[in-house]
Each structure stands twice: as structure tokens, then as C-alpha cells.
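Heads up, the thing below is written out as C-alpha cells.
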Amino acid sequence: MQSTAQKTLQKAGYKLTKPRLLIIESLAKTKTPLNAYEIAKILNKKTKSIDIASIYRTLKILKENNLVHETSQGKFIACQKTSCKNQKHSHYQFICKTCQQTTEIHIDDSSFLSKIQKLFPEISIQSHNFQFSGLCPNCKK
């Protein structure tokens, strides 16, 4: 994820500042979603303080460039399929209720969204977010 993120950000015209690189590294190393304050706590153990506003700005940039996904709890997880350019499906997350490990799930939900738009023609869906939870294979044992 780190090298892909660096290439994507450079191509989009963003500078690879030390705080951005540290945030990317933190997200790449975790298997659980993190919010900005959790990222700050991790980073503040390693280096001098990075302000929350910088973390939020970086998360926004990473999300806009499809490098992270935001969960329904406002936490962020590195995209596990950054090479995926298929626009016919969505990236959802499965989060284990016990260990919080997150797995990315790709689902073609175009027919579902078409049905919703037919049922509710007066609304304009601009985004959606589903999250699945349960037990991962290790915690299910």
C-alpha cells in the first residue's frame, strides 16, 4: 500500500511530506480501522506530535484518491485492493467483532442501486456505505 500511495499522491500533485508518509505507514501496518486520534497516538509514540488537523487533511486526501476507506464509525483502513479500478462494484469492509481485523469485500451492487433508484426516483444517491460484522476465521474457532 505504501508505494502505491506514494505514487498515487505524487501523480495527483501532492508532496510526500514526512507526516503524510508516517500516516500512510501507520495505516498500512494495521489490520484494524483507526480514527485520527488513534493515528495521532501511534505517531506520537514514534516522533514529535503531528496535529490532528494535519491527520484529518491527509485522511481526506487518501480517501479522495481511493487509498483508504472510511468505516461507518468514522475510522479509516488502508485499501487492500488499490490496483482495483473496477467501477462496477463497491469496496465494503467486514470487521471482526472480537479482534477488529478488517477484510475488504468487493461486491457488484449495481443492480441493488438500480432497484433503489427505481423505488425512490425522487432522490439522488451520491454515495453509500455498508459494513459487515461478525467473526473472522480465527475468532470463529
Cβ pairs under 9 Å, 6+ apart, first in region 125-141 and part of a helix (DSSP H, G or I), second exposed (fewer than 11 other Cβ atoms within 10 Å of the Cβ): CYS139/LYS97
Of residues in region 84-110 being part of a loop (DSSP other than H, G, I, E, B) and modelled with pLDDT of 80 or more, the one farthest from ASN66 (Cα to Cα): THR98
Answer residue from region 1-24, given it is in contact with a helix residue (DSSP H, G or I) (Cβ under 6 Å, 6 or more places away or on another chain) and part of a helix (DSSP H, G or I) and is farthest from ILE77 (Cα to Cα) among those: PRO19
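Can you tell me which residues in region 30-53 are within 16 Å of PRO19 (Cβ to Cβ), surrounded by 16 or more Cβ atoms within 10 Å (Cβ to Cβ) and within 17 Å of the chain's Cα centre (by Cα)?
Applying the first criterion (within 16 Å of PRO19 (Cβ to Cβ)) to region 30-53 yields 34, 36-53.
Imposing the further condition that a residue be surrounded by 16 or more Cβ atoms within 10 Å (Cβ to Cβ) reduces the set to 34, 36, 38-40, 42-43, 50.
Hits for region 30-53 are LEU34, ALA36, GLU38, ILE39, ALA40.
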Count of region 25-38 residues which are outside any helix (DSSP H, G or I) and not basic (Lys, Arg): 5
Count - residues of region 111-138 that are modelled with pLDDT under 90, hydrophobic (A, V, I, L, M, F, W, C) and surrounded by 11 or more Cβ atoms within 10 Å (Cβ to Cβ): 5
From the options LYS75, LYS81, LYS60, residue that is under 23 Å from LEU135 (Cβ atoms) and either crowded, with 19+ Cβ neighbours inside 10 Å or at pLDDT 90 or above (or both): LYS75
Those residues of region 1-45 which are in contact with a Phe, Trp or Tyr (Cβ under 9 Å, 6 or more places away or on another chain), within 19 Å of THR71 (Cα to Cα) and modelled with pLDDT of 90 or more, in sequence order: LEU27, LEU34, ASN35, ALA36, ILE39
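The values are calculated or read from the model by the stated rules, or taken from the named source; none is laboratory data. Predicted, not measured: the structure shown is a model, and the values here were computed from it. Positions of Cβ are generated from backbone atoms using ideal geometry, with glycine treated the same way; all protein chains shown enter the neighbour counts.
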